[in-house]
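Peer 1: Structure in structure tokens, see below.
The values are calculated or read from the model by the stated rules, or taken from the named source; none is laboratory data. Small disclaimer: the values here were computed from a predicted structure and weren't measured. Cβ: placed from backbone, ideal geometry, glycine included. Neighbour counts: every protein chain shown.
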Amino acid sequence: MMDVQIIDAYLLKGLPLPQPAGGSKEERGRVCIIGGNREVPGAVLLAALGAMRTGAGKLQIVTVESRAGALAVAMPEALVIDLPETEAGGLRSGPVASITSRWANTHALLVGPGMVEENDCHEILTSVLDSSGEAVIVVDAGALPRIAELGEILQERAGRVIVTPHAGEMANLLKVEKEVVDADPASAASRLTDEFGLVVVMKGSQTVITAPGGMWRYEGGGVGLATSGSGDVLAGVIAGLAARGATPINAALWGVFLHGEAGAQLARTLGPLGFLAREIPGAIPKLMSETR
């Protein structure tokens, strides 16, 4: 197995984030988040907060029609596109294919937060991968379970698709027991990278990132980050950084670091347990400034 680099401020100072030449929001990139369902619309909101706090310029949200109005009010910075939903309250796959032109000029897409119903999620992810041009794709949560079936298209996009599984999701992808992943998360992540060319953010107490040609580990954060919605924020942060022009690997490295350091900061000010996922994004702008 290749050498593992530690993700810290020293490493990231050598991998600076793109800085816009002027003040236009267009220069800071466009991000689109696709997800949500009738029962968990907040997952998309948390991801959106993460994306915008990284400095992305423009935001689109594609979500279920019954919750789109509420999300538009909760996130007035976003263009919210409402689509028909299934009986269970998830996004229907057919209508998504009909609006793929809406993200033709999007720089990063995040697919999966709060999504339910495996077949529809899989069809939506397939549509996104087929229609998103050179955009970076971040795949999370409900869009992950069948991604291994898309091997050919993933290999065509090698190095430009980022996945963010936790141990249970990784075990499902590799068809192994969760204990196998827990015992050696780096090997598990490397399997997906080697087979499909994915940038893998293997979430855990120590997050491992694998990509073609490299492996990294983040050792900070803290137990408080293991809270509902935290992963949605992380996925949004990574997508926002990619929209700004960070390479997929750098977006993953910076995203994991900023998310973890925000958690550590909240642990110091509020306590190691009990802070909320919605509180994580607020710390990110200052952390970015301090790490540059």
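Peer 1: Looking only at region 50-63, which residues are within 12 Å of Ile280 (Cβ to Cβ) and surrounded by fewer than 24 Cβ atoms within 10 Å (Cβ to Cβ)?
Peer 2: Hit for region 50-63 is Arg53, nothing else.
Peer 1: Moving on to the next point. Considering only region 107-140, how many residues are among the charged types (D, E, K, R) and buried (at least 24 other Cβ atoms within 10 Å of the Cβ)?
Peer 2: Matching residues across region 107-140 total 1.
Peer 1: Limited to region 272-292, what total is found for residues that are part of a loop (DSSP other than H, G, I, E, B) and either surrounded by 17 or more Cβ atoms within 10 Å (Cβ to Cβ) or out of contact with any helix residue (DSSP H, G or I) (no Cβ under 8 Å at 6 or more places or on another chain) (or both)?
Peer 2: Number satisfying all stated conditions: 3.
Peer 1: Something else: Being surrounded by 15 or more Cβ atoms within 10 Å (Cβ to Cβ) and either of a type in the set (S, T, N, Q) or farther than 16 Å from Ala141 by Cα (or both) narrows it down to one residue among Ser187, Ser205; which is it?
Peer 2: None of the other options fit; the residue is Ser187.
Peer 1: Go over the candidates Val223, Val233 one by one and state the one that is among the β-branched types (Val, Ile, Thr) and either buried (at least 24 other Cβ atoms within 10 Å of the Cβ) or within 16 Å of Leu110 (Cβ to Cβ) (or both).
Peer 2: Sole residue among the options that is among the β-branched types (Val, Ile, Thr) and either buried (at least 24 other Cβ atoms within 10 Å of the Cβ) or within 16 Å of Leu110 (Cβ to Cβ) (or both): Val233.
Residue-by-condition table, conditions (1) within 25 Å of Pro272 (Cα to Cα); (2) in contact with a Lys or Arg (Cβ under 6 Å, 6 or more places away or on another chain); (3) hydroxyl-bearing (Ser, Thr, Tyr):
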position: Ala171; (1), (2), (3): no, yes, no
position: Glu179; (1), (2), (3): no, no, no
position: Ala188; (1), (2), (3): no, no, no
position: Val201; (1), (2), (3): yes, no, no
position: Ser205; (1), (2), (3): yes, no, yes
position: Ala211; (1), (2), (3): no, no, no
position: Val223; (1), (2), (3): yes, no, no
position: Gly236; (1), (2), (3): yes, no, no
position: Ala252; (1), (2), (3): yes, no, no
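Peer 1: Collect the residues in region 211-236 that are in contact with a Phe, Trp or Tyr (Cβ under 8 Å, 6 or more places away or on another chain) and modelled with pLDDT of 95 or more, keeping them in residue-number order.
Peer 2: Tyr218, the sole residue that qualifies.
Peer 1: Please work out which one of (1) crowded, with 17+ Cβ neighbours inside 10 Å; (2) modelled with pLDDT of 90 or more is the condition Trp103 fails and give its number.
Peer 2: All conditions pass for Trp103, except number (2).
Peer 1: For region 61-89, give me each residue that is within 15 Å of Leu45 (Cα to Cα), β-branched (Val, Ile, Thr) and out of contact with any Leu (no Cβ under 7 Å at 6 or more places or on another chain).
Peer 2: Val73, Ile81
Peer 1: Separate question: Which residue out of Ala97, Ala56, Ala88, Ala68 is without any contact (Cβ under 8 Å) to a residue 24 or more places away in the chain, of a type outside the set (Phe, Trp, Tyr) and either part of a loop (DSSP other than H, G, I, E, B) or over 16 Å from Ile162 (Cα atoms) (or both)?
Peer 2: Selected residue: Ala68, the only one of Ala97, Ala56, Ala88, Ala68 that is without any contact (Cβ under 8 Å) to a residue 24 or more places away in the chain, of a type outside the set (Phe, Trp, Tyr) and either part of a loop (DSSP other than H, G, I, E, B) or over 16 Å from Ile162 (Cα atoms) (or both).
Peer 1: Looking only at region 40-58, how many residues end up being in contact with a strand residue (DSSP E or B) (Cβ under 7 Å, 6 or more places away or on another chain) and either at positive phi or at pLDDT below 95 (or both)? Working first, answer last.
Peer 2: Within region 40-58, the subset in contact with a strand residue (DSSP E or B) (Cβ under 7 Å, 6 or more places away or on another chain) is 41, 44, 47-48, 51-52, 56-58.
From what's left, either at positive phi or at pLDDT below 95 (or both): 41, 56-58.
Final tally of qualifying residues: 4.
Peer 1: Please find, within region 202-258, the residue that is farthest from Ala158 (Cα to Cα) out of those that are charged (D, E, K, R) and assigned to a helix (DSSP H, G or I). Talk me through it step by step, then tell me what you get.
Peer 2: The first filter runs over region 202-258 and keeps only residues charged (D, E, K, R), leaving 203, 217, 219, 232, 244.
Narrowing further to those that are assigned to a helix (DSSP H, G or I): 232, 244.
Details: Asp232: 23, Arg244: 20 Å.
Step by step, filter region 202-258, then rank; the result is Asp232.
Peer 1: Still on this structure: Condition first: in contact with a strand residue (DSSP E or B) (Cβ under 9 Å, 6 or more places away or on another chain), free of Cβ contacts under 8 Å to residues at least 60 places away in the same chain and within 19 Å of Leu198 (Cβ to Cβ). Now tell me which residues in region 101-134 satisfy that.
Peer 2: Those that are in contact with a strand residue (DSSP E or B) (Cβ under 9 Å, 6 or more places away or on another chain), free of Cβ contacts under 8 Å to residues at least 60 places away in the same chain and within 19 Å of Leu198 (Cβ to Cβ): Cys121, Leu125, Leu129, Ser132.
Peer 1: Yes or no: Gly133 outside any helix (DSSP H, G or I), more than 23 Å from Gly36 (Cβ to Cβ) and of a type in the set (Gly, Ala, Ser)?
Peer 2: Spelling it out, Gly133 is indeed outside any helix (DSSP H, G or I), more than 23 Å from Gly36 (Cβ to Cβ) and of a type in the set (Gly, Ala, Ser).
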